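**Student:** My questions will all concern the structure given below.
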Amino acid sequence: MENLEKENLRKLLAGLMDKAAAGQMLDDIEKGDEILAGFRAPEPNEQVLAEIKKNVAAALRQKRINAFKKQILVTAAAAAMILVSVLAIVRYSNQPGIPTRMIAASVWEGGDDADVTVLRDEIENIQSELWGGQFDDSGNTNIRVDDLENELIEINGDMWKG
Amino acid sequence: MAQTDIELVIIGCKKGDEGSFAQLVEIYGKRCFGYFYRLSGNRDLSEELLSELFVKLVEKIGTYRGGSFDGWIFTMASNIFHDHLRFKKRQTRLLDEHSKRVMAKSSGALKTDDGDADKLQKALGGLDSEVRELIMMRFYSQLSFKEIAEKRREPIGTTLSKVHRGLKRLRELME
């Protein structure tokens, strides 16, 4: 076969054993290869190959369907998580006894840093939007929860970055 | 087929292109069939294993990360053949004691179900199964001794020695 010829077997064998042994081994391998090349294995008929191509096409279709199903499931799971979060916020915001501040005042005490002050203002602003009656009992809002969530994530990121 | 053409076909396969897979069947179908046939001596089984190989390829093509594609596809073919042997072994365990004894007697030899098996096929039955597979892997995958030794995680001298002994024995059996 093509690659077997490409391989410099003589050189390889010479590096592993003495010249006489390498010569003998090379001769045995070459003669063995000749035998293998002389007896060709039967080939699959065209019908079998056509059938295999059909099976492959079916497997490809199935793979695409599975990928699509997976995508739907991931999207549904993400949507469910967001929905549960929103419902939880709406539910607990209307209960008495829930502190109006989400973050204890002691956390902010003694902080004169300008960046912290700006961030605190932003958080308090969003906090007041959340608690300030912009959600009604039916869950209808006049602000986008996604936007709020994004803002919070952004502020959180800024805080850690300093 | 040029190496770059095969690379293009592989890229197509990775994208899930049906035509590229059909081309892959054309390129490797006969060689892989020959490999399965020489190991099993059974035409029907070889066709089944060949189909299994290409269907598995649809799932696994994304895991191919370059290097010798011949080596990659024949490693998969070898795994499929071994899975088949393991399945057969499990089936054997379910047979009664008498059947077990009968199977044990013939387990070392390559059984040929085709009536018109050639002389080589019969001679291959006289080789140790590991050596037979090694010889067939080298012949059909066209991998070098170095590549085969790396795949088998053994020194190249060991691979060379096994193939040499196997081919020498094969010649004796053919004479």
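Any read-out appearing in this document is the output of simple, stated calculations on the displayed coordinates, not a laboratory observation. What you see is a predicted model; the values in this text were computed from it and never measured. Note that each Cβ is placed from the backbone with ideal geometry, even for glycine, and that neighbours are counted across all protein chains shown.
**Student:** Can you pull the mean other chain C-beta count within 10 Å for peptide B:160-168?
**Tutor:** Going residue by residue through B:160-168 and averaging, the value is 5.
**Student:** Taking only complete DSSP H runs, can you tell me which helices of chain B stretch 18 Å or more along their own long axis by Cα positions and average at least -0.5 on the Kyte-Doolittle scale?
**Tutor:** Answer set is B:18-40, B:43-60, B:156-174.
**Student:** Suppose each label sits 7 Å from its Cα in the direction of the beta carbon; what would the A:S85-B:Y64 distance come out to in nanometres?
**Tutor:** So the label points at A:S85 and B:Y64 sit 4.1 nm apart.
**Student:** Summarise the partner chain shielding of B:44-56 as one whole number: the mean count of Cβ atoms from other chains within 10 Å of each residue's Cβ.
**Tutor:** Whole-number average of other-chain Cβ neighbours for B:44-56 is 3.
**Student:** Still on this structure, I have one more. Of B:K15/B:K60; B:K56/B:K119; A:K31/B:K119; B:K119/B:K151, which ones are farther than 21 Å apart at the Cα? Could the numbers behind the result be given before it?
**Tutor:** Details: B:K15/B:K60 12 Å; B:K56/B:K119 32 Å; A:K31/B:K119 16 Å; B:K119/B:K151 30 Å.
The answer is B:K56/B:K119; B:K119/B:K151.
**Student:** From the P(r) of chain B, can you give the percent of Cα pairs sitting at distances over 24 Å? Display every interim value, and only then the final one.
**Tutor:** On the way: 6615 of 15225 pairs.
Result for the distance tail: 43 percent.
**Student:** In addition: Length gain on complete extension for the stretch A:A37 to A:A76, per 0.36 nm per residue less the alpha carbon to alpha carbon distance?
**Tutor:** Result: 8.3 nm gained on full extension.
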